[in-house]
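Report on the structure given below.
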2 protein chains.
Amino acid sequence: MQLVTVGTVAFDRIETPFGKADKVVGGAATYISLASSFFLDKLGLVSVVGDDFPKDMMDLLRGRGVDLAGLEVLQGKESFFWAGRYHYDMNSRDTLETRLNVLLDLDPKLPEHFKAAPYVLLGNLDPKVQAKVLDQVTDPALVVMDTMNFWMDSALEDLKKVIARVDILCVNDAEARQLSGEHSLVKAANKILAMGPKYLVVKKGEHGALLFSEDRVFFAPALPLEDIIDPTGAGDTFAGGFIGYLARTQDHSFDNLKRAIIVGSALASFCCEKFGVERLLQITREDIDHRVQQFIDLVDFDIELVED
Amino acid sequence: MQLVTVGTVAFDRIETPFGKADKVVGGAATYISLASSFFLDKLGLVSVVGDDFPKDMMDLLRGRGVDLAGLEVLQGKESFFWAGRYHYDMNSRDTLETRLNVLLDLDPKLPEHFKAAPYVLLGNLDPKVQAKVLDQVTDPALVVMDTMNFWMDSALEDLKKVIARVDILCVNDAEARQLSGEHSLVKAANKILAMGPKYLVVKKGEHGALLFSEDRVFFAPALPLEDIIDPTGAGDTFAGGFIGYLARTQDHSFDNLKRAIIVGSALASFCCEKFGVERLLQITREDIDHRVQQFIDLVDFDIELVED
């Protein structure tokens, strides 16, 4: 087992100014697993669904190396369901409906062969659930955690306890500001790194992503896209590509984290091109390489410092 | 004369969540001229002020190579005054007060020795005024134009006529979307370039800047700053650094425009560190070089495309 991911596996209903999708498969762990499967072939997924979850999607995940021994299927219950509507700018959204359903019963129990996984991705979930996963893994080389403002509002103390135990925290810019109480992202990063993580990733959607260590910072742009159809799952896809690349290369240096950020950004850009996971199911490693090259070109410049 | 700039020379009252400045010298042409003066020593400024405008600021501009023969001083009248308040995110602001004062009398007449200037910067102003400047220059090698949503709302036809006559248009992302009627910045850029300009610069404040040509795109980040004190004038400072670098190097290739974007971004980052023009008056060419190096480090990565 190379990577264990805990997170939601769900149905989404998505409305954007440009279209809608009625009931598509989504959930953080779905996006993360699909994205990391481009780099790994032994992936463990920990989550819970109802018996309404489509078998062919499970087969599809298995076909990509995702071991579903940690996916509990609760008979007679329904899968987690989320509905949201994006604003015209596609950067902000309103939640229209949340039916937790089986998520209320999520009590993660890792199969024995998951416990020694060197890479662990804690998808956005109740920090108590994230902590339970950490309690069960034996000695991970790297733990990446995603979370959201919801838990900062409702479970800050539990959240901080988990943050103290992870290597890399991923949040968006508003969440970094909320968590730290600092407006400046530089100051926010310093405060958050003092809470425990060695690195902080700040996701800024169409404005790219920042990577902070104690003394370094790296910025990766988002690719300007001709059409953004649906940003749902882009942050999870980013995280999946990021940790997938790290787990494949097994190099946790700042320079390699920068590469992982670019790979994650490339995958996230694909995610936005169709509703749900559709685009992730179409692309190949060659497509990813081609897109990484677009990122290289996008920010590439050479300058000699001007002399008087 | 290397560069002629037309734009406001004004007083600003600025409030931010972190402090305020009561009546400081501002105005687009002031910021542009100060920024470009790091690269040029024969600058012409075209504007109008009242007799309340401080003599020592005029001397200071002259000391930096800014020829004020095109700056009309109207006796018994007051200079343009703008007051604004920034929101907590420092990316958006409300205008609290605008006193046009002498700006109502701005009828630009270029001194003879300004007319052959190879570089022209049209700062944000009524497009009719911008057009009058273009009518008077003989054969500029490069014309850069800045504008704002205000003119898109109130003088769109005049604005489009000027846009058709310039080489490079600078607007922010919301303005690019408004001007083109396209949400996607890629599509917006295509439509705007079809209006006439060869290049489009999309300024995104703390999220950096994009440069579009017909078939290429370049992204420059903004530097994550420890403290943003006052973003007023950052866009003008960017434009001034951008055209100053181009006028110094006299190379209008896409690759050199990328360098100019980085130089403009570096200058804009300084501008935000103090109220008004204060920081621009403190820094040296060495400081700028040092900051350009920070931009290089910020986006630098090397990646070999992953092989199976």
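The values are calculated or read from the model by the stated rules, or taken from the named source; none is laboratory data. As the structure is a computational prediction, the values presented were derived from the model and not from experiment. A quick note on method: Cβ atoms are made from the backbone with ideal geometry, for glycine too, and the neighbour counts reach across all protein chains shown.
The set of residues from the stretch B:160-191 being buried (at least 21 other Cβ atoms within 10 Å of the Cβ) and farther than 19 Å from B:Gly235 by Cα comprises B:Val162, B:Ser180, B:Ala188. Taken over the stretch A:27-43, the criterion of being within 13 Å of chain B (Cβ to nearest Cβ) and among the hydrophobic types (A, V, I, L, M, F, W, C) is satisfied by A:Phe38, A:Phe39, A:Leu40. On the given criteria, is A:Ala141 in contact with a Phe, Trp or Tyr (Cβ under 9 Å, 6 or more places away or on another chain) and crowded, with 21+ Cβ neighbours inside 10 Å? So A:Ala141 fails the test.
The number of residues in the stretch A:36-60 that are among the hydrophobic types (A, V, I, L, M, F, W, C) and in contact with a Ser or Thr (Cβ under 6 Å, 6 or more places away or on another chain) comes to 4. Looking only at the stretch A:261-305, residues that are in contact with a helix residue (DSSP H, G or I) (Cβ under 7 Å, 6 or more places away or on another chain), facing chain B (nearest Cβ under 9 Å) and free of Cβ contacts under 8 Å to residues at least 24 places away in the same chain come to 3 in all. Number of residues in the stretch A:192-220 that are without any contact (Cβ under 8 Å) to a residue 12 or more places away in the chain and more than 10 Å from chain B (Cβ to nearest Cβ): the value is 2.
Tell me, please, whether a residue that is within 12 Å of chain A (Cβ to nearest Cβ), touching a Leu at 6+ places or on another chain (Cβ under 9 Å) and of a type in the set (Gly, Ala, Ser) can be found in the stretch B:163-178. Yes, the conditions are met somewhere in the stretch B:163-178. Scanning the stretch B:179-197 for residues that are in contact with a strand residue (DSSP E or B) (Cβ under 7 Å, 6 or more places away or on another chain) and over 17 Å from A:Ala222 (Cβ atoms) yields B:Leu179, B:Ile192, B:Leu193, B:Pro197.
Within the option set A:Asp300, A:Asp289, being more than 18 Å from A:Ser36 (Cβ to Cβ) and either at pLDDT below 95 or surrounded by fewer than 18 Cβ atoms within 10 Å (Cβ to Cβ) (or both) holds for one residue only, A:Asp300. Filtering the stretch A:221-257 to residues that are facing another protein chain (nearest Cβ under 8 Å), surrounded by 20 or more Cβ atoms within 10 Å (Cβ to Cβ) and modelled with pLDDT of 95 or more leaves only A:Tyr245.
Restricted to the stretch B:73-89, and to residues there that are closer than 17 Å to B:Val9 by Cα and in contact with a Ser or Thr (Cβ under 6 Å, 6 or more places away or on another chain), the residue that is surrounded by the fewest Cβ atoms within 10 Å (Cβ to Cβ) is B:Gly84.
Within the stretch A:198-212, restricting attention to residues that are in contact with a strand residue (DSSP E or B) (Cβ under 9 Å, 6 or more places away or on another chain) and of a type in the set (D, E, K, R), the residue that is nearest to A:Lys161 (Cα to Cα) is A:Lys198. Residues that are in contact with a Lys or Arg (Cβ under 7 Å, 6 or more places away or on another chain) and either at positive phi or among the small types (Gly, Ala, Ser) (or both) are absent from the stretch B:218-234.
Hey, any hits in the stretch B:28-40 for a residue that's part of a strand (DSSP E or B), under 20 Å from B:Met145 (Cβ atoms) and among the aromatic types (Phe, Trp, Tyr)?
Taking every residue of the stretch B:28-40 in turn, none turns out to be part of a strand (DSSP E or B), under 20 Å from B:Met145 (Cβ atoms) and among the aromatic types (Phe, Trp, Tyr).
Scanning the stretch B:90-99 turns up one or more residues that are surrounded by 14 or more Cβ atoms within 10 Å (Cβ to Cβ), within 14 Å of chain A (Cβ to nearest Cβ) and not in a strand (DSSP E or B).
Regarding A:Arg62, is this residue under 25 Å from A:Ile229 (Cβ atoms) and either in contact with a His (Cβ under 6 Å, 6 or more places away or on another chain) or among the charged types (D, E, K, R) (or both)? Give the steps one after another, and end with the answer.
Details: under 25 Å from A:Ile229 (Cβ atoms): no; either in contact with a His (Cβ under 6 Å, 6 or more places away or on another chain) or among the charged types (D, E, K, R) (or both): yes.
Spelling it out, it is not the case that A:Arg62 is under 25 Å from A:Ile229 (Cβ atoms) and either in contact with a His (Cβ under 6 Å, 6 or more places away or on another chain) or among the charged types (D, E, K, R) (or both).
In the stretch B:4-26, the count of residues that are among the polar types (S, T, N, Q), more than 19 Å from the chain's Cα centre (by Cα) and either buried (at least 24 other Cβ atoms within 10 Å of the Cβ) or under 18 Å from B:Cys272 (Cα atoms) (or both) is one or more.
Scanning the stretch A:93-101 for any residue that is within 18 Å of the chain's Cα centre (by Cα) and not basic (Lys, Arg) turns up nothing. With the condition kept exactly as written, say whether any residue in the stretch A:76-90 is in contact with a Phe, Trp or Tyr (Cβ under 7 Å, 6 or more places away or on another chain) and closer than 23 Å to A:Ala266 by Cα. For the stretch A:76-90, residues in contact with a Phe, Trp or Tyr (Cβ under 7 Å, 6 or more places away or on another chain) and closer than 23 Å to A:Ala266 by Cα: absent.
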